[in-house]
Amino acid sequence: MTRFGMLLLLGIIVLFLPLPRAGAQPPALFPAEVPRAEPEERRPESRFEDAIETDRDSFTPATRTAGRGRFIVESSYSFIDNRRGPETHSFPELLLRYGVRERLELRLGWNYEIGGGGNVVSGTVGEDVLGPTTSEEGRMLYGFKAAVTEQARWVPGSALILQGFTPTAGEATDTQLLVGYVFGWELPRRWKLDAAFRYNSDSEEEDRFSVWAPSVVLKVPVMERVNVHGEYFGLFSRDKAEDFVRHFFSPGVHYLITPDLEVGVRLGWGLNDQSARFFTNVGVGWRF
C-alpha cells in the first residue's frame, strides 16, 4: 500500500471514533484501585451468652440439656410452711446431670425430707406427698433428659424427662415414676416463656395415686448476670382416697457469679386452702 493509501485509511478510522463529551475526563491509562469495603464491626459476644441454665431455678425445668461431655451439679434447700401439719425441711435436693450426647443427659440425685406434707415445691426431686404428721424420708433419683425439638419460629424448644425415685430412708418402700415434658420459646430481648406437664406416681401407706403438675414461667433478664421470673404451678391428685388441688405463685431471682456458677432464690405462696401457706428455696448450680 502506498503512503497516500495508508494516510487515507488512518483518516477514515479517526472519523469514525466516538468523540468524548464536553467536560469528560480522558480514560485513565491504568484503572484506579477499587477501595476495599471495611468489615462491619461486630459487637463482642458476652461471655454470659451460653451461661448455665439449671433445672432447680424454677419449678418448671429448663428445655436445655447439659451439653455433650459436661457436668451440672445442682443443690438446694427448701422450707415449706404447711397449713395442716408440721413444716417441711428438704435438703440437699442434689441433682447430678451429665451430657452423654448434645441432646441427651443422664441424671442422678438424692434428697432427704423431714416434716409434714412433703416437698411439693421443688420440681427436681418430684412431687412427694407425705402425711399430715411428722415423718422423714430419703430418696434416690435416677433417669434421663432428652431434647425433643429446637425452637424454629413458633415451634418451641422442648425436652422429655423420665425419672425414677427409690426410697433410701423412712417408712416408704415403693419406687415411684415421674414423666415430664417441658417446652418453651426464647422471646425478644432474651425473655423466655416455658411451660411443663408432669405425671408422678405416689403413695401414702396403702393409698396409691397419681399427681399431675402443670406449670408455666416467664424469665426476664434485668442485667447481664441477673435474671428474675414469675411462675404458676399446680398439683392435682387423681385416684387418691381424698383428692387434693393445690395452686402456687412463685417469683424468684438468680445471679450468675460466672457463666458456669449460679445461685438463686425462690419464694412462693399457696393460692388455696389445700396448699402450703409459704415456701422458700435457695440453691446453687455449677457446670464443668
- Query: Which of (1) surrounded by 14 or more Cβ atoms within 10 Å (Cβ to Cβ); (2) among the acidic types (Asp, Glu); (3) at pLDDT 95 or above is the odd one out, the single condition GLU204 does not satisfy?
  - Reply: (3)
- Could you pull out the residue among VAL222, VAL211, VAL182, VAL253 that is surrounded by 14 or more Cβ atoms within 10 Å (Cβ to Cβ), among the β-branched types (Val, Ile, Thr) and closer than 22 Å to ARG47 by Cβ? VAL253
- Message: Return the pair list, or none, for Cβ contacts closer than 9 Å from residues in region 171-200 that are over 16 Å from GLY230 (Cβ atoms) and touching a residue at least 40 places away in the same chain (Cβ under 8 Å) to residues that are hydroxyl-bearing (Ser, Thr, Tyr) and not in a strand (DSSP E or B), at least 6 apart or on different chains.
- Response: VAL182/THR60; VAL182/THR63; PHE183/THR63
- When region 156-190 is checked residue by residue, the ones that are in contact with a Pro (Cβ under 8 Å, 6 or more places away or on another chain), within 15 Å of PHE144 (Cβ to Cβ) and among the hydrophobic types (A, V, I, L, M, F, W, C) are ALA159, ILE161, VAL182
- Query: Cβ-Cβ below 7 Å, separation at least six or inter-chain, first residue in region 235-261 and over 19 Å from PHE278 (Cα atoms), second of a type in the set (Phe, Trp, Tyr) and part of a strand (DSSP E or B): which pairs?
  - Reply: SER237/PHE209; ARG238/PHE209; ARG238/TRP212; ASP239/PHE209; LYS240/PHE209; ASP260/TRP286; LEU261/TRP286
- Query: Counting just the residues of region 169-201 that are at pLDDT below 95 and among the hydroxyl-bearing types (Ser, Thr, Tyr), which one comes out farthest from the chain's Cα centre (by Cα)?
  - Reply: THR173
- Provide a single number: the residues in region 109-129 that are at pLDDT below 90 and either among the β-branched types (Val, Ile, Thr) or touching a strand residue (DSSP E or B) at 6+ places or on another chain (Cβ under 7 Å) (or both). 14
- Are any residues in region 266-276 touching a Gly at 6+ places or on another chain (Cβ under 6 Å) and either surrounded by fewer than 18 Cβ atoms within 10 Å (Cβ to Cβ) or part of a strand (DSSP E or B) (or both), and if so, which ones? ARG266
- Message: If I ask for residues that are modelled with pLDDT under 95 and either touching a Lys or Arg at 6+ places or on another chain (Cβ under 8 Å) or closer than 17 Å to ALA147 by Cα (or both), which ones from region 82-108 would you list?
- Response: ASN82, ARG83
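The values are calculated or read from the model by the stated rules, or taken from the named source; none is laboratory data. Remember, predicted model here, so these are calculated numbers, not experimental data. Positions of Cβ are backbone-derived with ideal geometry, glycine not excepted, and every protein chain shown enters the neighbour counts.
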